[in-house]
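Just below is one structure, and these are the notes that go with it.
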Amino acid sequence: MNRKAKITGIGHYVPPTVITNLDLEKRMNTTDEWIRARSGIEERHYAEAGVGTSDLAVKAAQLAIADAGIDKDDIDFIIAATISPDHYFPGIGVIVQAKLELPTIGALDVRNQCSGFIYALAAADSFISSGMYKNILIVAAEIQSANLDYSDDGRDLAVLFGDGAGAVVVERNDSNDGSGILSTHLYSDGRYVPMLWMEKPSPKDRPIFSEETLKSGGFFPQMQGKHVFKNASEKMPEAVRAALEQNNLTIEDVDHLIPHQANDRISLMVAHNLKIPVEKVIRNIARFGNTTAASIPIAMDEAIKSNRIKKGDLIMLTAFGSGYTWASAALRY
Ligand code: UT7
């Protein structure tokens, strides 16, 4: 039986407050010129205090469900990808379930950082291919702005991040039209955890929260930018090549490459490395910054809604991030 999984609905939501590079100049030691030149970012959205990551996820999910044209009660599983959940526990999957008033279906949270959306897609594909579920809601959402280090120690990372959410409905495609998820490839290398992480709070500490750990800066995300940059530029093309090989495709067959966007220079390096024309790379980081797990579905939604992505197009997704984790997914739209 053909149990290919297919994205049938997509949506995204970003909070209304826009923070430009000039706004950041006012709150930290940086310049618009530096940010544009080093990352290609011009502005990003920040959520207001009191708004949770699950709130952004719910708004994106409502749009994706409407786009899919299904009754929300037909969703039989939720997968949520975020590194900025509303709480230490539980994850946001269950909060999305409750806020959308969905039946008491299962909700799985994946913690795979910038690769989270592709990991979620791989899980959804497997659940659907195995026959376990038919209609899965994936939400990928982040509020990074609540916890950025605007001091000189953290300014390299602080200028990159933005808040936002993307969501998709993945359904079993019973037709034989060839559309759907063709492959997913997932990787990790945990030797590099400290290259990009938020070390604290950690149950290794007694107590978990103390003046000492607060002063250590461990509650802020920390990054060795050059190491991450180099590995991201190499590993995303490797993951894409694995997908091409498995599907007997060449890079010329790819209509759209949607990389996780952490820095526009990385996206351009990935394109150069893969020898894919830059016009085929979907890039919107200038307006959103790095939205971590949400960046791929936000970019994909914009490209679909603007008719840049058309039925039958071959889409290649790839991501790299903390862990390290990296991944690719090939889709026929
Ligand atoms: O999604 C998660 C994955 N994250 C990434 O993939 C990010 C990967 N890394 C990067 O994108 C880049 O490494 C950065 C954009 C973060 C930094 O670019 P860089 O070219 O590696 O710069 P750098 O860290 O080597 O810093 C160069 C200079 C330094 O000054 P000196 O030592 O040359 O005097 C920094 O102190 O730029 C300074 N600097 C800044 N200046 C103004 C660092 N951050 C800033 C800032 N504004 N925000």
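The values are calculated or read from the model by the stated rules, or taken from the named source; none is laboratory data. The shown structure was predicted, so the numbers you read here are calculated from the model rather than taken from an experiment. Every residue, glycine as well, gets a Cβ built from its backbone with ideal geometry; the counts of neighbours run over all protein chains shown. The protein model used for the area step is the full one, side chains on, heavy atoms only, and it has no ligands, DNA or RNA in it. Shrake-Rupley method; radii C 1.70, N 1.55, O 1.52, S 1.80 Å.
Computed about its Cα centre, the charge dipole of the stretch 4-173 is approximately 460 debye, with only Lys, Arg, Asp and Glu carrying charge at their Cβ. The simple Förster model, with R0 at 22 Å and r as the Cβ-Cβ distance, assigns residue 242 and residue 197 a FRET efficiency of 0.30. Surface calculation, 1.4 Å probe, protein heavy atoms: residue 99 sits at approximately 90 Å² accessible.
Solvent-accessible area of the stretch 102-145 (1.4 angstrom probe, protein heavy atoms only): carbon and sulfur portion equals 51 percent. The stretch 123-170 and the stretch 255-333 have Cα centres lying 14 Å from one another.
Note on surface exposure: 227, 272, 87, 185 rank 272, 87, 227, 185 by accessible area, highest first, 1.4 Å probe. Ignoring any ligand, DNA or RNA, what whole percent of the accessible area of the stretch 180-332 comes from carbon and sulfur when the probe is 1.4 angstrom? About 54 percent, which is the carbon plus sulfur part of the accessible surface. For the chain, the per residue solvent-accessible surface stands at 44 Å², with DNA, RNA and ligands left out and a 1.4 Å probe. In this structure residue 27 has an accessible area near 120 Å², from a 1.4 Å probe over the protein heavy atoms.
Suppose R0 equals 35 Å; then what is the FRET efficiency for residue 88 and residue 230 from their Cβ-Cβ distance, rounded to the nearest 0.05? Efficiency, from the Cβ-Cβ distance: 0.65. Largest accessible area first, the residues 300, 198 order themselves as 198, 300 under a 1.4 Å probe with ligands, DNA and RNA left out. The largest accessible area among 42, 142 belongs to the first residue in 42, 142, and the rest follow in falling order (1.4 Å probe, all chains). Given +1 at the Cβ of Lys and Arg, -1 at the Cβ of Asp and Glu and no other charges, the dipole of the chain around its Cα centre is 560 debye to the nearest 20.
Summing +1 for each Lys or Arg and -1 for each Asp or Glu, what net charge is found among the other residues whose Cβ lies under 10 Å from the Cβ of residue 56? Net local charge, residue 56 excluded: -2. Computed with a 1.4 Å probe on the full set of protein chains, the accessible area for residue 214 sits at about 110 Å². Bridges between two residues of the chain, per DSSP, are antiparallel at a rate of about 70%. Relative contact order of the stretch 4-173, taken over Cα pairs closer than 8 Å and 6 or more residues apart, is 36 percent. Would you mind checking 59/311; 59/226; 26/280; 72/280; 59/310; 204/230 for any pair whose Cα atoms are more than 28 angstrom apart? Checking Cα-Cα distances, 59/226; 26/280; 72/280; 204/230 exceed 28 Å.
Our summary gives the chain a relative contact order of 25 percent, counting only alpha carbon pairs under 8 angstrom and 6 or more residues apart. Look at the dipole of the stretch 253-333 built from charges on Cβ: of 266, 328, 309, the Cα furthest out on the positive end belongs to 309. Computed extension gain for residue 18 through residue 104, at 0.36 nm per residue and net of the alpha carbon distance, reaches 27.4 nm. Per residue, the chain reaches -10000 deg cm²/dmol at 222 nm when only DSSP H runs of four or more residues are counted, each adding -39500 (n - 2.57). For the stretch 180-332, averaging the sequence separation of C-alpha pairs within contact (under 8 Å, six or more residues apart) and dividing by the residue count gives a relative contact order of 38 percent.
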